[in-house]
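This report concerns only the one structure given below.
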2 protein chains.
Amino acid sequence: MELSLETSERPRRRGREERQRAGGAAPASRPQPRRPFPAVNAVSADQLEAIHLASLQILEEIGLDVLHAEAKAILKAEGAEVDPGSDRVRFPRGLVEAKIGLAPQSFTLHARNPARSVVLGGDHLAFCSVASAPNVADREGGRRPGNRQDYQNLIRLGHTLDSIHLWGGYPVEPADIHASVRHLDALWDMLTLSDKPIHAYSLGRERNLDAIEMARIARGIDQETLEREPSLFTIINSSSPLRLDTPMMEGVIQMARRNQVTVLTPFTLAGAMAPVTIAGAVAQQNAEALAGLVLAQSVRPGSPFAYGGFTSNVDMKTGAPAFGTPEQMKAALVGGQLARRYSLPYRSSNTCAANTIDVQAAYESVFSLWGAVMGGVNLLMHGAGWMEGGLHASFEKMVIDADLLDMITHFLMPFQVNDDELALEAVREVGPGGHFFGCAHTQARYRNAFFAPMISDWRNYETWQEAGSPTGYDRANRLYKERLAAYEEPPMDPAIREELAAFVAKRKEEGGAPTDF
Amino acid sequence: MELSLETSERPRRRGREERQRAGGAAPASRPQPRRPFPAVNAVSADQLEAIHLASLQILEEIGLDVLHAEAKAILKAEGAEVDPGSDRVRFPRGLVEAKIGLAPQSFTLHARNPARSVVLGGDHLAFCSVASAPNVADREGGRRPGNRQDYQNLIRLGHTLDSIHLWGGYPVEPADIHASVRHLDALWDMLTLSDKPIHAYSLGRERNLDAIEMARIARGIDQETLEREPSLFTIINSSSPLRLDTPMMEGVIQMARRNQVTVLTPFTLAGAMAPVTIAGAVAQQNAEALAGLVLAQSVRPGSPFAYGGFTSNVDMKTGAPAFGTPEQMKAALVGGQLARRYSLPYRSSNTCAANTIDVQAAYESVFSLWGAVMGGVNLLMHGAGWMEGGLHASFEKMVIDADLLDMITHFLMPFQVNDDELALEAVREVGPGGHFFGCAHTQARYRNAFFAPMISDWRNYETWQEAGSPTGYDRANRLYKERLAAYEEPPMDPAIREELAAFVAKRKEEGGAPTDF
């Protein structure tokens, strides 16, 4: 099942790539969506300041446990109070304030295909696929543990969907690859089966350095260019409440040192890992994010850093995480306000807690998108395919979500107002009681006038019934298989492919990375 | 099946009402949601002005066909140019501008139960049930033509759902009641089975006057109070493009004359009844809405009037109406901007084109809610139960939508930032690596900390699977039946009930209303 690097597939794949390259340039991707109106502020300037000050108080008075000697040393050198008898680190207010404003407000994350590079920050939006699910599902195969075949197929499917701009991690964990070499095979797949920007997991120094090197090789650039042009990103989750653990600190240090992208996202579910009140959960989220910012900007001032918000709530009856809730929407708006206060790109998510492809999966996702988009999201994690609070990735949901993201992209296109669009002559021509189907203004525009969705079925009831009364789930199931069948691997320079394969082979020979992280 | 007024049910129902009244006051309903942040502007002030000016040009140069002699006479007296040889009426710019600003920015629509009265305008939101569907569906019964039994049951179900604030019309058409007396029986049902504010259809003078009289009797008020306190509303749809037909004009005239509420909503589907460009469709929508405003404010300056936006698009491949589209969302934002420009309450809708309760039904609904709510909607039509582009009302969708409206209500609750909410002491108590479940701050708040949805299933996958893998459709199906079984008729003063019944009986004896409208 696994397509290992040593299979006979390679020559044939190379052949196709060469044909594709010979046939012309890589397909142009659509421009990224940009928010045409200001983000929505859920709290007043005074309230925002109160949340900011509460975070500073948490950082200064309570502090965080930092489980990493080098990180503690770096922070101490910058003026943090490091408790000699414990892992507690307290951040004086002046230290935090000195690090705010150093990171860029906006930057480009480079893909190996330059047409796929994305801007993170400002009014730009970039949509990631689902990431990090331990399980995977489709209708025929049901829910099953993550594996490389499904991992590769989700990459292939996501590659065909233009509204997925980049990879936010492994769409599903390829758990059948040994942990020591999983990052090598999985990044190989991500870099060869797709040409969109990539994410790498912070799971220890060796993996981080391998990922940075693979991103460099895939782009065919030297070390200096890599340091000028961020070419991968990592999500750093604090262990809420108020703890920064070893692999996460390694990630911040190694990514910042090479000027690659850190996205610090506290995992602050209100009522469990954070206070039961949304203001309190957001204040704690903010303290944890600022702690990460201080470390990253201490390692390398100006290194690219994004502010992550993931505050949602738990079901207080059971403790189960809940997503797409009103509380998550509010937290998403305030998180965006805080990111803007610090002039940082803002990361939010498309989430749901549904176990199956039903109304809940759809409405929780759109509610979370509503909070994220109106809150000014720049980097949308888990944009397509996330189910069950992240416990499984779904092939069908990936197609459905991609359609939702496309709809949002069209919603965000600037409203055009000019003589052509105001169509006064058409109104005059058609006149009272007429019909616009046949008029010249319509005829000249009807093909591309409106967004044409993949999933929505707009047939009338009788025709739909005659077709077997298909649901959106049925359509997504058919569509994902059609798209997978039509998938074509994006071209890659054979020399680069060889260098990348050689690197993977060498690192495997060396035994990969330690698995005791 | 029909519960006619003459059945033996009446004495028993009266008995229960009396018991309920003896037992205490009517149940208090929750306060209306209010938008805590400014509505989102999709276009600049200049662009808005260009749309406004295009509408004035349509009104002045092209004009509308007004198929009603009295309306034409009223408009002519105000300075409109009425073509003697046709129905064409042209509205000089000065006439339109003179009528803008006369209608109230906000007013109360009174229910027979004062606790159910709603404010329309300002930052208030009021949510209507589905209205005017010709068919009705639930899972067991399938899709069937509208009938009084289902009509009554939808009223009963909607009455139990607190997030439905008022009736936007008949949830489904009770088509098995003869058209001459349908309005009498249907309004009787609406006024006795529920105590929320009502809508009446503008289907000719007699029906309008009957509805106004029934609203007055149900509230137990005199004519003068009725004229001070709007007690019912009517939706006036222009026959787009640019036509105002007889029953609609009757409605504006009779409602305005008695100071009752007119909501003028052009039915401007871009590409069919309006230009294929959204700016053009909205300019035409605006011209038609302003024409209605001019008539209403000519009949009675200061009479309550709301600006309705219903611009969506058609599927250009088939001509089928599409809902919850990016185009509808954009039009909803701009419609709100125009309503605010004229200081009028804004009406929008919760719509979808789905034929069944699937992801499409959910995402199209939430997208339309997103456009409506962020666009500043005051009166949300079709808030709960709308399916298939309005061609059927669904029992299950009514419960699902009510849950969506509840989520929006909680999303809109003002964000609290104070010491209690910031929870610094709880963060200090729990500290790094701890857990918030058990802390005093959580224990004091967990019961009501978060919104608890009806439909969302947050159980873990295994538990959910053991329970039979229910979908949101399954849960809504079970819930609507449970709620119907638990329904209790709201109390009504026996003398009022008798007066209302006598009015209905008298009007039936007189033969009801003409059916040649």
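Is it the case, given these coordinates, that B:Trp464 is surrounded by 22 or more Cβ atoms within 10 Å (Cβ to Cβ), over 22 Å from A:Leu333 (Cα atoms) and of a type in the set (Phe, Trp, Tyr)?
Taking the combined requirement at face value, the residue does not satisfy it.
Would you tally the residues in the stretch B:139-154 being surrounded by fewer than 24 Cβ atoms within 10 Å (Cβ to Cβ) and either in contact with a helix residue (DSSP H, G or I) (Cβ under 9 Å, 6 or more places away or on another chain) or not in a loop (DSSP other than H, G, I, E, B) (or both)?
11
Looking at (1) in a helix (DSSP H, G or I); (2) surrounded by 14 or more Cβ atoms within 10 Å (Cβ to Cβ), find the lone condition where B:Tyr446 falls short.
Against the list (1) in a helix (DSSP H, G or I); (2) surrounded by 14 or more Cβ atoms within 10 Å (Cβ to Cβ), B:Tyr446 comes up short only on (1).
Considering every residue within the stretch A:472-482, establish whether at least one is crowded, with 18+ Cβ neighbours inside 10 Å, of a type in the set (S, T, N, Q), touching a residue at least 12 places away in the same chain (Cβ under 8 Å) and assigned to a helix (DSSP H, G or I).
Yes, the stretch A:472-482 has at least one match.
Scan the stretch B:165-181 residue by residue and report those that are in a loop (DSSP other than H, G, I, E, B), surrounded by 22 or more Cβ atoms within 10 Å (Cβ to Cβ) and in contact (Cβ under 8 Å) with a residue 40 or more places away in the chain.
Those that are in a loop (DSSP other than H, G, I, E, B), surrounded by 22 or more Cβ atoms within 10 Å (Cβ to Cβ) and in contact (Cβ under 8 Å) with a residue 40 or more places away in the chain: B:His165, B:Gly168, B:Gly169, B:Pro171, B:Glu173.
Rundown of residues vs (1) under 27 Å from A:Ala281 (Cβ atoms); (2) touching a Lys or Arg at 6+ places or on another chain (Cβ under 9 Å); (3) more than 8 Å from chain A (Cβ to nearest Cβ), yes/no style:
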position	(1), (2), (3)
B:Pro414	yes, yes, yes
B:Glu421	yes, no, no
B:Trp464	yes, no, no
B:Asp493	no, yes, yes
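Quick check on my filter: what residues within the stretch B:283-302 are among the aliphatic types (A, V, I, L, M) and at the interface with chain A (Cβ under 9 Å from one of its Cβ atoms)?
B:Ala283, B:Ala287, listed by residue number.
Filter the stretch A:339-395 for residues that are among the charged types (D, E, K, R) and closer than 23 Å to B:Asp403 by Cβ; which is surrounded by the most Cβ atoms within 10 Å (Cβ to Cβ)?
For the stretch A:339-395, the residue satisfying everything is A:Glu364.
Could you please give the count of residues in the stretch A:426-443 that are facing chain B (nearest Cβ under 7 Å) and either under 10 Å from B:Val276 (Cβ atoms) or not in a loop (DSSP other than H, G, I, E, B) (or both)?
Matching residues across the stretch A:426-443 total 8.
Has the stretch A:107-118 got any residue that is part of a helix (DSSP H, G or I), outside the structural domain of A:Tyr307 (by TED's automatic domain parsing) and out of contact with any strand residue (DSSP E or B) (no Cβ under 9 Å at 6 or more places or on another chain)?
No, every residue in the stretch A:107-118 fails to be part of a helix (DSSP H, G or I), outside the structural domain of A:Tyr307 (by TED's automatic domain parsing) and out of contact with any strand residue (DSSP E or B) (no Cβ under 9 Å at 6 or more places or on another chain).
Going through A:Glu61, A:Glu70, A:Glu78 one at a time, which residue ends up being within 28 Å of B:Gln416 (Cα to Cα) and either at pLDDT 95 or above or surrounded by 19 or more Cβ atoms within 10 Å (Cβ to Cβ) (or both)?
Among A:Glu61, A:Glu70, A:Glu78, only A:Glu61 is within 28 Å of B:Gln416 (Cα to Cα) and either at pLDDT 95 or above or surrounded by 19 or more Cβ atoms within 10 Å (Cβ to Cβ) (or both).
Would you confirm, using the coordinates I've provided, whether B:Phe451 is facing another protein chain (nearest Cβ under 7 Å), outside any loop (DSSP other than H, G, I, E, B), closer than 26 Å to B:Gln360 by Cα and within 28 Å of the chain's Cα centre (by Cα)?
Here the answer is no, as B:Phe451 does not meet what is asked.
Quick test for you: out of A:Leu157, A:Leu184, pick the one residue that is closer than 28 Å to A:Tyr346 by Cα, touching a residue at least 60 places away in the same chain (Cβ under 8 Å) and away from every other protein chain (no Cβ under 14 Å).
On inspection, the qualifying residue turns out to be A:Leu157.
Taking the stretch A:51-75 as the search range and keeping residues that are over 18 Å from A:Leu242 (Cβ atoms) and without any contact (Cβ under 8 Å) to a residue 24 or more places away in the chain, which one is farthest from the other protein chains (Cβ to nearest Cβ)?
Restricting to residues being over 18 Å from A:Leu242 (Cβ atoms) and without any contact (Cβ under 8 Å) to a residue 24 or more places away in the chain, the top hit is A:Ala73.
So which residues in the stretch A:407-425 are crowded, with 24+ Cβ neighbours inside 10 Å and within 21 Å of the chain's Cα centre (by Cα), if there are any at all?
Answer for the stretch A:407-425, where residues must be crowded, with 24+ Cβ neighbours inside 10 Å and within 21 Å of the chain's Cα centre (by Cα): A:Met407, A:Ile408.
Which members of the stretch B:483-512 meet the condition of being outside any helix (DSSP H, G or I), in contact (Cβ under 8 Å) with a residue 60 or more places away in the chain and over 25 Å from the mean Cα position of the chain (by Cα)?
Those that are outside any helix (DSSP H, G or I), in contact (Cβ under 8 Å) with a residue 60 or more places away in the chain and over 25 Å from the mean Cα position of the chain (by Cα): B:Asp493, B:Gly511, B:Gly512.
Let me confirm something: among A:Arg507, A:Arg459, which residue is surrounded by fewer than 22 Cβ atoms within 10 Å (Cβ to Cβ) and over 30 Å from A:Ile155 (Cα atoms)?
Every option except A:Arg459 fails the conditions.
Within the stretch B:254-262, is there a residue that is of a type in the set (Val, Ile, Thr) and modelled with pLDDT of 95 or more?
Yes, that holds for at least one residue.
When you check B:Arg90 against the structure, is it within 14 Å of chain A (Cβ to nearest Cβ) and surrounded by 16 or more Cβ atoms within 10 Å (Cβ to Cβ), yes or no?
Taking the combined requirement at face value, the residue satisfies it.
The values are calculated or read from the model by the stated rules, or taken from the named source; none is laboratory data. This one's a predicted model, so the numbers in the text were calculated from it and none came from an experiment. Note: ideal-geometry Cβ built from the backbone for every residue, glycine included; neighbour counts use all protein chains shown.
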